[in-house]
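Readers should treat all values here as calculations from the given coordinates under stated rules, not as data from a laboratory. Treat the numbers as computed from the prediction; the structure is a model and nothing was measured. Backbone-built Cβ (ideal geometry, glycine too); neighbour counts: all protein chains shown.
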Amino acid sequence: MMKGTYVLFLESKKDQDIVIGKLGECRLKGGLYAYIGSAMGSSVNLENRIGRHKRMAETKEGNKQWHIDYVTTSTGVVVTGTLKVVGKAMECKLAGMMKSSGGRVVLKGFGSSDCGCETHFFRITPEVAEAFLKAIPDAL
């Protein structure tokens, strides 16, 4: 099974308030976002995990298992792209790189309840995405 880390690039087409499970309410402004996740478990496949997120974003249906599920099932949120880092557990490293590239923390604890990171969910601009993507080769 293919394992690894991924980045979901998302767009919220409108301003909206979303309740993110136990984390509480989150204000999403219209614009671009990035979520960093991983599929490293023994029964997990990277392609299946990404496919699940895309399906939930398209259908707006499914069991909300992770923080990102509350975002992808919200009206007006679409997945605009993905990045896969196959075979490497780099979730925390990529989250740090996204913040260093100018990504803004959306909600503390989002996607990072199992690590020490501030968040794995960022509000971004095209410039932030470009800086982040340019830094990837040096991180591998």
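What list do you get for Met56, Met2 if you sort them by fewest beta carbons within 10 Å? Could the numbers behind the result be given before it?
Working: Met56 23, Met2 13.
Least to most surrounded, the residues fall as Met2, Met56.
Which residue fluctuates most in the GNM of the chain (Cα springs below 10 Å): Ser43, Ser113, Ser12?
Ser43
Of the residues Lys64, Lys99, Lys22, which exhibits the maximal mean-square fluctuation in a Gaussian network model of the chain defined by a 10 Å Cα contact cut-off?
Sorting by GNM fluctuation, first place goes to Lys22.
Which whole-number percentage describes the relative contact order of segment 57-140, with Cα contacts under 8 Å and a sequence gap of 6 or more?
Once divided by the residue count of segment 57-140, the mean separation gives 22 percent.
Distance check, please: which entries in Lys108/Lys134; Lys3/Lys64; Lys3/Lys88; Lys13/Lys54 exceed 19 angstrom between their Cα atoms? If you can, show how the numbers build up before the last one.
Numbers: Lys108/Lys134 26 Å; Lys3/Lys64 22 Å; Lys3/Lys88 7 Å; Lys13/Lys54 16 Å.
Pairs exceeding 19 Å: Lys108/Lys134; Lys3/Lys64.
What is the local net charge at Val106, summed over the other residues whose Cβ is closer than 12 Å to its Cβ (Lys, Arg +1; Asp, Glu -1)? Before the final figure, lay out each step's value.
Working: positive: Arg27, Lys29, Lys99, Arg104, Lys108, Arg123; negative: Glu25, Glu118.
Here the charged neighbours net out to +4.
What is the sum of charges around Gln16, taking Lys and Arg as +1, Asp and Glu as -1, for the other residues whose C-beta is under 14 Å from the C-beta of Gln16?
Working: positive: Lys13, Lys14, Arg27, Lys29, Lys60, Arg123; negative: Glu11, Asp15, Asp17, Glu25.
Combined, the nearby Lys, Arg, Asp and Glu give +2.
I'm spelling it out carefully: the read-out is Kirkwood radius over Cα pairs in Å, the candidates are [x] 19.1; [y] 16.5; [z] 15.0, and one was derived from this structure. Which label?
Label of the calculated value: [z].
Cα centroid distance between segment 1-73 and segment 83-100, in Å?
A separation of 15 Å, based on Cα centres.
With +1 on each Lys and Arg Cβ and -1 on each Asp and Glu Cβ, and nothing else charged, work out how big the dipole of the chain is about its Cα centre, in Debye to the nearest 20. Intermediate values should be presented prior to the final figure.
Details: 20 positive and 14 negative charges, 18 e Å.
Roughly 80 debye, rounded to the nearest 20.
So what J values fall out for segment 78-84 if you push phi through Karplus, 6.51 cos²θ - 1.76 cosθ + 1.60 with θ = phi - 60°, rounded to Hz, Gly and Pro as x?
Along segment 78-84, the couplings run 10, 7, 9, x, 9, 10, 10 Hz.
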